[in-house]
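Beneath this line is the structure, given in structure tokens, with notes to follow.
The values are calculated or read from the model by the stated rules, or taken from the named source; none is laboratory data. Owing to the predicted nature of the structure, the values given are computational and were not obtained by experimental measurement. Cβ placement follows ideal geometry from the backbone for every residue including glycine, while neighbour counts extend to all protein chains displayed. In case anyone asks, the SASA skips ligands and DNA or RNA and just uses the protein heavy atoms, side chains included. Shrake-Rupley method; radii C 1.70, N 1.55, O 1.52, S 1.80 Å.
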Amino acid sequence: MDIWSHEKRSEVMSRIRSKGTKPEVTLRKALFARGFRYRVNVKTLPGKPDIVLPRYKTVIFVHGCFWHGHPGCKYAYTPKSNTEFWINKISGNRERDAVVKRELEESGWKVIIVWECEIRHNKDIANLITRLEKEIKTHNS
Ligand SMILES: [Zn+2]
């Protein structure tokens, strides 16, 4: 039995499906404010990068610390139940991330990984953007 009405269900599903997770949107806005123009979720590139800066031949992935196993990060904990499942799941994600990064780099893209914990607090954003700006603009392709 369906606990939700049709409308409610499609509303819930669209919220789950929507690509713009909050940290990603925050980062996009900050980049835009610094004059960067980008495309999002480019499906033709390996790994569907979250942010693509065609002019600088640079892609940015915003990685969730938990799902992508951010090393040494407090948000990248291992759940106490189904531990083995989670370890396999997250190491699988990490392996795929590495493959995607290599594929992109081999076709001349610069790959920048931003972790969600770096965008968590507004006060961190300015520093992050300054760092990214340097990284993006020093890429010569
Ligand atoms: Zn983290």
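Just round it to a whole percent: the fraction of Cα-Cα distances in the range 31-113 exceeding 20 Å. Each step should come with its number before you reach the end.
Working: 1414 of 3403 pairs.
Here the tail beyond 20 Å accounts for 42 percent of pairs.
Could you report the accessible area of PHE66 in Å², rounded to 10, computed with a 1.4 Å probe on the protein chains as they sit in the structure?
The value for PHE66 is about 40 Å².
Simple spin-label model, 7 Å along Cα-to-Cβ: LYS137 to ARG55 in nm?
Label at LYS137, label at ARG55, 1.1 nm between them.
Given a Förster radius of 41 Å and the C-beta distance between GLU84 and ALA33 as r, what FRET efficiency does 1/(1 + (r/R0)^6) yield to the nearest 0.05? Intermediate results must be reported in sequence, preceding the final value.
Numbers: r = 44 Å, r/R0 = 1.07.
Plugging the Cβ-Cβ distance into 1/(1 + (r/R0)^6) gives 0.40.
Which of the lysines could be linked to LYS29 by a straight reach, that is with a Cα gap under 22 Å, when you skip same-chain ones fewer than 8 residues away?
Those lysines meeting the cut-off are LYS19, LYS43, LYS48, LYS57, LYS110, LYS123, LYS134, LYS137.
Under a straight-distance cross-link criterion of Cα-Cα below 22 Å, which lysines are reachable from LYS80, leaving out those fewer than 8 residues away in the same chain?
Hits, sequence-local ones excluded: LYS89.
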